[in-house]
Each structure stands twice: as C-alpha cells, then as structure tokens.
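Working notes, structure below.
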C-alpha cells in the first residue's frame, strides 16, 4: 500500500483553478446525484459497462441475489438501469462518479497532490483537455481488457482513478525528481516522484496479475495501468505542441 500525503509545490506558478473545479464537480455529483454513493439507480445508469460500450447498445438486467449476510439476509446486486442517452456518454459521466466515501476521498487526495503541478506545466485549458482525454482512454483500456479476458463485461465501472492515473503519468514525466511525502506500508517517508509513482504502478500490475488468477477485488486495474501509460505520451504531445501562452491571463505570481 502507498498513500501520498503532499509534494513539493515550491516551483508552481499557476493557481490550479481547473484541478479544484474537477475536484468540486466530483464532490457535487457524489453528494447531489449519487446520494453519497447510495443512489443505485443513478450509479447503474451512468457507469461504464464494458458490454454496452463494445456493442453500442443499452443493456438492462434484473437484480440478482449473489449471497447471504452473516444474519441470513440476501445480498442483492442491483440490475443495470437504462441510460437515457447514448451509452458512450458513460465514458465521461463515470469519470465523475464514486462508489463510496472512501473511494472518493482516496481518488481526490491523489488528484489534489498531483494535479496542480501538471496543470501548472500544461496550462489550464490544456490540462482540462488532457484530463478528459486520458480519462476516456483509461476507460477504453478497461473495456477492451474486459472483452479480451471475457471478464466483468456486465459489471459497471465508475470513478476518477483512470484519469488520475493519467495525471500521475504526466507528473512522472514532468517532475520525476520532485519530493513526495508518502506512507509506504505504514512507514512515513519522503521519496522522489519516480519512486512513489513507480511503487504505485508496480502494485497495480501485481493486482492485475492476481485478477487473472481469479483473485481480483473488483477494482479496474486495467484503467489504472492504461491511464498512466496513456498519460505519459499524451502529456508530452500536449506540452510540446500546445500553445504556451493560451492561459496567460489566468496565471498569478505568488
């Protein structure tokens, strides 16, 4: 386990408006639309379902009993709800949804730490474009890996972690030597970003291999891996060919 706490922001020039806006939208959706993750009808309608993306058709299923609690009560898995628009819109909506309080807190902590630096490097508008593109790319990697392994095709996927993985890839590209204070296996320490992100990525690979053995925990590790691998070249391209002055009017000097 690795949990970042904060990083070195001493070189940051731009105020991270867009990163804070993305964080705010995630919180707003989680509270107002998802009812803190309890609105199953909304969750099932707007999450990314691999089988729907592969076929292009909306799929609806009935609730299923998947087990018993310790008190003997049925554990019911909700059925897939109709998506009111094209199923492809879920590649975007799912990026701003979370399943629980711990899920959203963990994701937004990573985004809070790594996103502001990447926005500082790319600029506000380019960072927003990058975030959306890498989030969609991560979701597509999850969809295609589910199809390839014929696993979890009807399991809804939601969360910002794919896009955030892309942000971490960009951070690794731009700030490999930045100091990041982390908790690694219960030890508090400060390491270069390439160590922190490298350990996190290695854990994603390990967990994905466990998933192939049928020991996975339901996390979309394919989206995490795909997001980081897509984030590095995409960030490089946008940084190299984007306009460096496109967001100058938003910048501030501390």
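The values are calculated or read from the model by the stated rules, or taken from the named source; none is laboratory data. Values in this document were obtained by computation on a predicted structure and should not be read as measured data. Here the Cβ is made from the backbone with ideal geometry for all residues, glycine too, and neighbour counts use every protein chain on show.
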Inset, instruction - Please work out which one of (1) surrounded by fewer than 20 Cβ atoms within 10 Å (Cβ to Cβ); (2) modelled with pLDDT under 90 is the condition residue 191 fails and give its number. - result: (2)
Legend entry - the stretch 218-254: number of residues that are part of a loop (DSSP other than H, G, I, E, B) and either at positive phi or at pLDDT below 75 (or both): 12
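Scan the stretch 97-115 for residues that are within 14 Å of residue 4 (Cα to Cα) and out of contact with any strand residue (DSSP E or B) (no Cβ under 6 Å at 6 or more places or on another chain) and jot them down. Lay out the reasoning, then the answer.
Taking the stretch 97-115 as the starting set, the residues that turn out to be within 14 Å of residue 4 (Cα to Cα) are 105-115.
The answer is 105, 106, 107, 108, 109, 110, 111, 112, 114, 115.
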Inset, instruction - For the stretch 200-217, state whether one or more residues are at negative phi and touching a strand residue (DSSP E or B) at 6+ places or on another chain (Cβ under 8 Å). - result: yes
Inset, instruction - Only residues in the stretch 181-192 that are on the phi > 0 side of the Ramachandran plot count as the first member; pair them with residues that are surrounded by 12 or more Cβ atoms within 10 Å (Cβ to Cβ), Cβ under 9 angstrom, at least 6 apart or cross-chain, and list the lot. - result: 185/2
Legend entry - Hits in the stretch 62-80 (condition: in contact with a strand residue (DSSP E or B) (Cβ under 8 Å, 6 or more places away or on another chain) and within 22 Å of residue 50 (Cα to Cα)): 63, 64, 65, 66, 76, 77, 79
Inset, instruction - For the stretch 105-120, enumerate the residues that are more than 12 Å from residue 164 (Cα to Cα) and surrounded by 21 or more Cβ atoms within 10 Å (Cβ to Cβ). - result: 117, 119, 120
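Test residue 196 against the criterion of being modelled with pLDDT of 95 or more, more than 30 Å from residue 79 (Cβ to Cβ), touching a strand residue (DSSP E or B) at 6+ places or on another chain (Cβ under 7 Å) and assigned to a helix (DSSP H, G or I), and give yes or no.
Numbers: modelled with pLDDT of 95 or more: yes; more than 30 Å from residue 79 (Cβ to Cβ): yes; touching a strand residue (DSSP E or B) at 6+ places or on another chain (Cβ under 7 Å): yes; assigned to a helix (DSSP H, G or I): yes.
For residue 196, the condition - modelled with pLDDT of 95 or more, more than 30 Å from residue 79 (Cβ to Cβ), touching a strand residue (DSSP E or B) at 6+ places or on another chain (Cβ under 7 Å) and assigned to a helix (DSSP H, G or I) - is met.
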Inset, instruction - Take residue 128 and decide whether it is outside any loop (DSSP other than H, G, I, E, B), under 16 Å from the mean Cα position of the chain (by Cα), at pLDDT 95 or above and within 24 Å of residue 241 (Cβ to Cβ). - result: yes
Legend entry - Filter result (under 22 Å from residue 63 (Cα atoms) and under 10 Å from the mean Cα position of the chain (by Cα)) within the stretch 131-158: 158
Legend entry - Selection from the stretch 194-209 of residues that are under 19 Å from residue 227 (Cβ atoms) and surrounded by 14 or more Cβ atoms within 10 Å (Cβ to Cβ): 194, 196, 197, 198, 199, 200, 201, 203, 204, 207, 208
Legend entry - Among (1) surrounded by 15 or more Cβ atoms within 10 Å (Cβ to Cβ); (2) more than 25 Å from residue 208 (Cβ to Cβ), the one test that residue 134 misses: (2)
Inset, instruction - Kindly list the number of the only condition in (1) modelled with pLDDT of 95 or more; (2) farther than 30 Å from residue 77 by Cα that fails for residue 163. - result: (2)
Inset, instruction - Restricting attention to the stretch 156-178, report how many residues are part of a loop (DSSP other than H, G, I, E, B) and surrounded by 17 or more Cβ atoms within 10 Å (Cβ to Cβ). - result: 6
